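The values are calculated or read from the model by the stated rules, or taken from the named source; none is laboratory data. Predicted model only: the values in this text are computed from it and were never measured. A quick note on method: Cβ atoms are made from the backbone with ideal geometry, for glycine too, and the neighbour counts reach across all protein chains shown.
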Ligand code: MG
């Protein structure tokens, strides 16, 4: 409330001038404009109330994931820019009193943040200490009555380690006989902080660039407020957008150092709203279950979810004695986790426009944001119950039926998590070629960018032994098997690319975002040629070095058996691959042999037309029982995609990856 009065008293731009309709997000910002800092907003401690546990139940274990607390920022140069521009204006006597105070505040921001990249501030430590204290006071029975052992692990980043220390030190002070293990390391980082990748960011940036075009920016008011001569100021600072963005950046990092002045007041409210939107939408689209990226993002939380479940199960079964598991990490894994669980509000699936209106960023993800799962058990009833606290507020999991309001059966939660990610994967048939050419390099790149599990392509062998990627046996009226490479290489695909050799194709297939190359070896006229094709395809798997300027991890190694799938209509080719590429997935395409027979020959999968599988649904189980994989082609109709999904096939090969994804993710 104090902040609100301060805002009302000092606001230079009247809120009432803001014509935009009052969306939930705008209303939330008007409650406290500092919330426009989004994920650099300090934690808001509300008064929390607990729904009484069902009769006979008592809390016995807590699983806590906490984001580090308030920290400094990396924006030294950005803050210096604001300060320096205003100092130049001052030398020319161009500053109004408001301009003068902004200059001093920007200088302070620069001084506080410069060379303090991402360090926890004293406020951040206190946030964690208070969180620990509140947890202890809400659930004293967990710490006092049960075993007194706790385990805490942290991301390797110093601000997370210091957060862990702040949290656990307060618990220790509250109850000195608690026995705590604290740890950090790359091993933990792998699941604590697994998150975004460049592909997601590229898609998000494009969507936001389009969205930004719809904004109306006030580029005039700021000159009038800060400068005595707006025309002269404009010569000194020609880019009003860039300048205001830098002021916004200063304003959004003032909370961690508890600066009482509200720097957002120097900007028109609607501009603050716009900058805020661009900031938090980027996080929403990259980290949450958005309609743009959700199906790619959510599976990345699997390891963290599995870890938290197995930690809880070990305590429930009595194998491990622990009062709590505490985990200290970052905003993106925290968002991925709460969205994987499907908690109310935060995990809604929105478009960019919907999220801009409805998703409450700093409510969900301020500094020190946290998820707590409180576990309850009773002497009489075997059901373990759990309740979810997001930023300490009781939260629902709408996909499940609750017991007594906000308590859920742990077994229901686990079953929900086990089915959260579709078991059936999508393979783009001849690449994701919509808008491109089939079997083009662009088509496999598109499959990678769309986050597909795999991308199929066809391989022929020329008369002089060059493997090329193409579907039809002929190209430009020439039969590939009977032509030398020199005679066909000039042919262009429909999108203008030249006919790719297998080597060229694999160079694209094994870089960029992970997407399984599904290599179809076309039957040849003789067994000798089939042997040669097999040998050359195996040769093509040899690891290629990363090109200059590309990080080594992007030069993936298709030579690993788990990184490639072979398919063929030639039974002989499959048999040869089974012998020469032991451990690789080899799926026979013919549709005329039962899985058991193929298994006896060492062939590890089937890839049959979906009608064949519809007639022989028992082959899915037979294959799975033998440890074989089941792929089906070419499944383009919703009813067929649903039917194959329901039969539990491992992969669906389709010309319509977007449609298949929509259907597989139906809840
Ligand atoms: Mg094919």
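Residue by residue, here is whether (1) within 16 Å of the ligand (Cβ to nearest atom); (2) at pLDDT 90 or above; (3) under 34 Å from the mean Cα position of the chain (by Cα) holds:
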{"site": "474", "(1), (2), (3)": "yes, yes, no"}
{"site": "490", "(1), (2), (3)": "no, yes, no"}
{"site": "502", "(1), (2), (3)": "yes, yes, yes"}
{"site": "507", "(1), (2), (3)": "no, no, yes"}
{"site": "528", "(1), (2), (3)": "no, yes, no"}
{"site": "545", "(1), (2), (3)": "no, no, yes"}
{"site": "550", "(1), (2), (3)": "no, no, yes"}
{"site": "560", "(1), (2), (3)": "no, no, yes"}
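Being within 20 Å of residue 367 (Cβ to Cβ) and at pLDDT 95 or above: is that true of residue 129 here? Show your work before the answer.
Values: within 20 Å of residue 367 (Cβ to Cβ): yes; at pLDDT 95 or above: yes.
Yes: the conditions hold for residue 129.
Taking residue 442 as the residue in question, decide whether it is surrounded by fewer than 20 Cβ atoms within 10 Å (Cβ to Cβ) and within 16 Å of the ligand (Cβ to nearest atom).
In short, no.
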Exercise. From (1) touching a residue at least 60 places away in the same chain (Cβ under 8 Å); (2) within 16 Å of the ligand (Cβ to nearest atom), pick out the condition that doesn't hold for residue 465.
Key: (2)
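One line per residue, one yes/no per condition, for (1) over 23 Å from the mean Cα position of the chain (by Cα); (2) crowded, with 21+ Cβ neighbours inside 10 Å:
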| position | (1), (2) |
| --- | --- |
| 295 | no, yes |
| 299 | no, no |
| 303 | no, no |
| 307 | no, no |
| 316 | yes, no |
| 325 | yes, yes |
| 328 | no, yes |
| 335 | no, yes |
Practice problem: Examine the range 102-122 for a residue that is at pLDDT 95 or above, under 30 Å from residue 235 (Cα atoms) and in contact with a strand residue (DSSP E or B) (Cβ under 8 Å, 6 or more places away or on another chain), and state whether such a residue exists. | Solution: yes
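Quick check: anything in the range 403-425 within 16 Å of the ligand (Cβ to nearest atom), in contact with a strand residue (DSSP E or B) (Cβ under 9 Å, 6 or more places away or on another chain) and modelled with pLDDT of 95 or more? Step through it out loud before you land on a result.
So the first thing to find is which residues in the range 403-425 are within 16 Å of the ligand (Cβ to nearest atom), and the list is none.
Checked the range 403-425: no residue is within 16 Å of the ligand (Cβ to nearest atom), in contact with a strand residue (DSSP E or B) (Cβ under 9 Å, 6 or more places away or on another chain) and modelled with pLDDT of 95 or more.
Residues are listed down the side, and each one gets a yes or a no for (1) assigned to a loop (DSSP other than H, G, I, E, B); (2) more than 27 Å from the chain's Cα centre (by Cα); (3) surrounded by 19 or more Cβ atoms within 10 Å (Cβ to Cβ); (4) at pLDDT 95 or above:
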{"site": "176", "(1), (2), (3), (4)": "yes, yes, no, yes"}
{"site": "181", "(1), (2), (3), (4)": "no, yes, no, yes"}
{"site": "187", "(1), (2), (3), (4)": "no, no, no, no"}
{"site": "202", "(1), (2), (3), (4)": "no, no, no, no"}
{"site": "206", "(1), (2), (3), (4)": "no, no, no, no"}
{"site": "214", "(1), (2), (3), (4)": "yes, no, no, no"}
{"site": "231", "(1), (2), (3), (4)": "no, yes, no, yes"}
{"site": "235", "(1), (2), (3), (4)": "no, yes, no, yes"}
Quiz prompt | Residues of the range 593-607 classified as over 11 Å from residue 623 (Cα atoms) and without any contact (Cβ under 8 Å) to a residue 12 or more places away in the chain, total | solution = 1
Exercise. Considering only the range 372-393, state which residues are under 28 Å from the mean Cα position of the chain (by Cα) and surrounded by fewer than 17 Cβ atoms within 10 Å (Cβ to Cβ).
Key: 393
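Inspect all residues belonging to the range 610-628 and state whether any of them is within 26 Å of residue 503 (Cβ to Cβ) and within 16 Å of the ligand (Cβ to nearest atom). Spell out the reasoning first.
We begin by selecting, within the range 610-628, every residue within 26 Å of residue 503 (Cβ to Cβ); these are none.
Checked the range 610-628: no residue is within 26 Å of residue 503 (Cβ to Cβ) and within 16 Å of the ligand (Cβ to nearest atom).
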